[in-house]
Amino acid sequence: MKALQHSIHWPHGNEAFRLRRIVEAREITLVVLIAAVVAAMSFASPYFLTAANFRAMAIGLAPTAIIAVGMTLLLVSGGFDLSVGSVMALTGTVLALLVVKGLPIALALAATMLVGAAVGATNGILVTRVGVNPLVATLGTLSAARGIALVLTDGFSVSGLPSSFGFVGGTDIAGVPLTVVIMGLIVLVADLALRHTRALRQLYFVGANETAARLSGIPVDRVRISAYVASSLLATLAGMLLASRLMAGTPTAGNALELQVLAAAVIGGASLRGGEGTVLGAFLGVIFVALINNAMTMLAVSIYWQMVVTGLVLTIAVALDMLVRGRSR
């Protein structure tokens with residue numbers, strides 16, 4: 001069985017060609033769309049093409065992009081996680097509470113990562129070992145994690161943190177916020193690892209054909225649980241970076257963030273049916289969604305209409321994905 005597993009290099013042949021064409025077409029299309037929005041907004045608003053605006057946009061999208069990396073891994077493996085926004089809020093709040101209570105920051109960071117990993121492992125075990133539908137399992141975690149964050153803080157933000165807590169969130173490297181640098185490194189490393197490492201390429205095989213993956217000797221449940229843990233840990237990292245930037249633990253942070261992340265990943269080429277998607281595509285999707293939101297803010301579009309547009313973008317992206325993937329199979 002092991003020999004059979006080693007003989008598998010999926011995708012290959014026509015499958016590899018088809019996947020490459022879909023991925024490249026989606027990524028190139030997104031680059032063109034992003035360039036078109038930038039060009040249009042440069043004429044529509046004198047404040048758009050400014051360093052201050054791009055800096056604010058980059059800082060704002062960094063947590064979303066980091067979480068989108070984890071969501072892409074899950075989508076490729078055939079799963080998804082609706083609890084990432086709540087995990088970000090819970091872990092940021094837990095970290096701030098531990099530091100305020102006097103725990104050294106290094107120990108507080110380690111304890112917070114354990115909390116994030118526990119949430120991810122819970123989701124993974126519920127889905128793979130108990131057989132709970134991912135929608136139900138992660139919706140339950142979404143509610144529980146948000147509720148715990150609110151209970152711990154009585155609904156108020158945790159402040160009074162030492163200045164050293166804000167080092168990462170308030171530091172620049174050559175004029176670039178450290179948070180953005182960390183985001184860039186995570187996206188780059190994850191994209192290369194997903195494309196070229198055997199361990200992560202198993203995600204494609206599991207997501208595309210679970211039965212064949214099991215027969216080839218791939219530990220499907222372990223791969224999927226690992227993907228849920230990785231997704232939750234990345235949401236935890238996003239929560240810690242956000243808390244450092246705001247110098248506070250905010251239990252209401254990341255509300256409805258899971259929808260933005262899912263929309264970005266699907267727009268970037270990830271399939272809700274599993275087996276397809278890239279980290280680079282999801283990152284371009286995050287940039288596209290952030291640009292649309294930034295453009296509407298610049299054009300003074302009502303926040304209510306912004307919600308309508310975001311919802312429409314998500315619905316259209318998912319509908320197109322289902323139509324395209326359905327016809328191609």
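The values are calculated or read from the model by the stated rules, or taken from the named source; none is laboratory data. If you're wondering where the values come from, they're calculated on a predicted model, not measured in any experiment. Because the Cβ atoms are built from the backbone with ideal geometry, glycine has one as well, and the counts that use them run over all protein chains shown. The area values use the complete protein model at the heavy-atom level, side chains included, leaving out ligands, DNA and RNA. Shrake-Rupley method; radii C 1.70, N 1.55, O 1.52, S 1.80 Å.
Before moving on, here are some points about what is shown:
- When restricted to residues that are closer than 22 Å to E258 by Cβ and open to solvent by 60 Å² or more (accessible area, probe 1.4 Å), the stretch 293-311 contains 6.
- Among the candidates V87, V151, residue that is out of contact with any Ser or Thr (no Cβ under 7 Å at 6 or more places or on another chain), modelled with pLDDT of 95 or more and within 21 Å of T250 (Cβ to Cβ): V151
- When G254 is tested against (1) part of a helix (DSSP H, G or I); (2) open to solvent by less than 40 Å² (accessible area, probe 1.4 Å), exactly one condition is not met: (1).
- Residue, farthest from S232 (Cα to Cα), within the stretch 111-149, restricted to residues that are surrounded by 18 or more Cβ atoms within 10 Å (Cβ to Cβ) and of a type in the set (S, T, N, Q): T128
- Near pairs, Cβ below 7 angstrom, 6+ apart or cross-chain, from the stretch 93-106 (open to solvent by 60 Å² or more (accessible area, probe 1.4 Å)) to any residue that is assigned to a loop (DSSP other than H, G, I, E, B) and at pLDDT below 95: V100/G160; V100/L161
- Restricting the stretch 257-302 to residues that are in a helix (DSSP H, G or I) and among the polar types (S, T, N, Q) leaves a set whose member that is nearest to A193 (Cα to Cα) is Q260.
- The residues of the stretch 219-238 that are open to solvent by less than 10 Å² (accessible area, probe 1.4 Å) and under 18 Å from A190 (Cβ atoms), listed by number, are A227, Y228, S231, S232, A235, T236, A238.
- Each residue in the stretch 41-53 was checked for being open to solvent by less than 60 Å² (accessible area, probe 1.4 Å) and touching a helix residue (DSSP H, G or I) at 6+ places or on another chain (Cβ under 9 Å), and 5 pass.
- Reported count of residues in the stretch 169-197, each being more than 12 Å from I59 (Cβ to Cβ), assigned to a helix (DSSP H, G or I) and not small (G, A, S), is 10.
- Residue match in the stretch 41-54 (condition: part of a helix (DSSP H, G or I), among the polar types (S, T, N, Q) and within 22 Å of the chain's Cα centre (by Cα)): no
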